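Shown below is the structure under consideration.
The values are calculated or read from the model by the stated rules, or taken from the named source; none is laboratory data. Fair warning: this is a prediction, and the values are worked out from it, not measured in the lab. Here the Cβ positions follow ideal geometry from the backbone for every residue, glycine too, while neighbour counts run over all protein chains shown. Note: areas computed on protein heavy atoms with side chains; ligands, DNA, RNA excluded. Shrake-Rupley method; radii C 1.70, N 1.55, O 1.52, S 1.80 Å.
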Number of protein chains: 2
Amino acid sequence: MPRVSQDHLDARRRQILDGSRSCFARFGYEGATVRRLEEATGLSRGAIFHHFKDKESLFLALAEDDATRMADVVAEQGLVQVMRNLLDDPADGGDAPGVDWLGARLEVSRRLRTDEEFRARWAQRSEQLTAATRARLKWQRDAGNLRDDVDVDVLTAYLELVLEGLLSHLAMGLPAAHLGSVLDLVEESVRRHRGG
Amino acid sequence: MPRVSQDHLDARRRQILDGSRSCFARFGYEGATVRRLEEATGLSRGAIFHHFKDKESLFLALAEDDATRMADVVAEQGLVQVMRNLLDDPADGGDAPGVDWLGARLEVSRRLRTDEEFRARWAQRSEQLTAATRARLKWQRDAGNLRDDVDVDVLTAYLELVLEGLLSHLAMGLPAAHLGSVLDLVEESVRRHRGG
């Protein structure tokens, strides 16, 4: 297969993922009908399901894609900074996950709760963010920036729990008034306390 | 109207709320059809909608009922203890909100995201928990147990954010391995630091 064809396939895949992300975020998994997915991606159902076996596979690929992007940002800047980016401009595109991502993430949460089979399929894909967060924290501990009286796994679970809360809060459109100060507090509570 | 009749009405209302809670948690708002609500409550649609104008009103009453119960426990024991209770036994009935409550709460989150009108109706009812948490923290600060370098409103927002994360985590059925230690860390980070 000539190279140009692979590029074309990749671009199509990207087009489908980006379009369907907003569609799932807006209408939810069940509400994202094939007709709506066609409208959102600008492609026919034939083209969409040439790239993804079915709607479930498309949704999982999307969630996996988002988890990968997020893990990249965590590796570079840390999870607290990712949360600050979310606060600064949740609708921002670029590297930071945007509101569409928030919506898709909440759909993942809902389906994990109601769908056992989905839970099993998702479990294999959701380890990336935890691994990236843990690696970053270990690096910070070695650099002497992290408190050393609490296990790195506990600090990882703590930051992930705050992230879950933040995603839920933002996705619900609740006021963000104090959240910058809250993240200062979160950051301080994982740092090494200097002096007496 | 004789007294016994009011007791009867209250009991019926309670029966409808308890039955429909598990129904909304299991099937989601849209999936909780009138037929399923009849099965879950053991009452006819006529009886159900004698007490509640429509499904939306029933769902709001349920969410409000849960918020009131939670605010009562917060006032008595504090929000961190409420979170510990959730960890100890999320399926427990009694005072602590159980898994049905978690499910209903996630449904609230989802509808807040997708339904503007619902968001407006809910906003008027969701202040109870914040008020109870803030009152408890002020009381703790006056007793000298709380750090005094961070505003009570920020500490309130912090604890609520952790609660949101915990609810989301538990509702998704994710592992709770480190969460007890995480809550220790959360509690420590709002307390007054003693000594040097």
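Using modelled backbone amide H atoms (1.01 Å from N, in-plane), which distant-in-sequence or interchain residues come within less than 5 Å of A:Phe52's amide H?
Distant-sequence amide H within range of A:Phe52: zero hits.
Be a star and scan the range B:14-32 for residues whose amide nitrogen sits under 14 Å from the point 7 Å along the Cα-to-Cβ vector of B:Arg121.
B:29-30, by backbone N distance to the label point.
Got the relative contact order for the range B:59-190 handy, in percent, Cα pairs under 8 Å and 6 or more residues apart?
Worked out over the range B:59-190, it gives 31 percent.
Mind checking how much accessible area A and B bury in total, 1.4 Å probe, in Å² rounded to 100?
So the total buried area for this chain pair works out to about 3300 Å².
Label position 7 Å from Cα toward Cβ: report the copy-to-copy distances for A:His8 in nm, one decimal, ordered from shortest.
7.5
Continuing with this model, one more query. Inside 10 Å of the C-beta atoms of B:67-73, what's the mean count of C-beta atoms belonging to other chains?
If you average over the peptide's residues, the count of other-chain Cβ atoms is 0.
Measure off, as a whole percent, the carbon and sulfur share of the 1.4 Å-probe accessible area of chain A, all protein chains present.
The C+S portion of the solvent-accessible surface of chain A is 47 percent.
Inside 10 Å of the C-beta atoms of A:184-192, what's the mean count of C-beta atoms belonging to other chains?
That works out to 3 on average.
Same structure, new question: Check each of the GluC sites (Glu not before Pro) in the range A:106-196 and keep only those in coil by DSSP with at most 14 other C-beta atoms within 10 angstrom; list them in order.
Answer by residue number: there is no such site.
Another question about this same structure. At 7 angstrom along the Cα-to-beta-carbon line, where would the label on B:Arg192 sit relative to the other copies? Give the distances in nm, shortest first.
Label point to label point, same position, other copies: 2.9 nm.
In nm, what does the list of distances from B:Trp139 to its counterparts in the other copies look like, shortest first, when each label sits 7 Å along Cα to Cβ?
Output for B:Trp139: 4.6 nm, nearest copy listed first.
What shape does the range B:59-190 have by the C-alpha gyration tensor, where a ≥ b ≥ c are the square roots of the eigenvalues, rounded means a/c under 1.5, and otherwise prolate means a/b greater than b/c and oblate the rest?
Judged from the Cα gyration tensor, the range B:59-190 comes out oblate (a/c at least 1.5, b/c at or above a/b).
Follow-up. DSSP H helices in chain B with Cα extent of 27 Å or more along the helix axis and mean Kyte-Doolittle hydropathy at least -1.0?
B:3-31, B:55-77, B:152-171
State the extension gain, in nm to one decimal, for the chain segment bounded by A:Glu64 and A:Ser5, taking 0.36 nm per residue of separation less the distance between their alpha-carbons.
This chain segment gains 18.9 nm when fully extended.
Using label points projected 7 Å from each Cα along Cα→Cβ, tell me how many nm separate A:Ala177 and A:Arg191, to one decimal.
According to this spin-label approximation, the distance is 2.6 nm.
Per residue of A:153-160, what is the mean number of Cβ atoms on other protein chains within 10 angstrom of that residue's Cβ?
6
Apply the a/c threshold of 1.5 to the C-alpha gyration tensor of the protein assembly as shown and tell me whether it is rounded, prolate or oblate.
Oblate.
Based on DSSP H runs of at least 4 residues, each adding -39500 (n - 2.57), what is the mean residue ellipticity at 222 nm of chain B after dividing by all its residues, to the nearest 500 deg cm²/dmol?
It comes out at -25000 deg cm²/dmol, rounded to the nearest 500.
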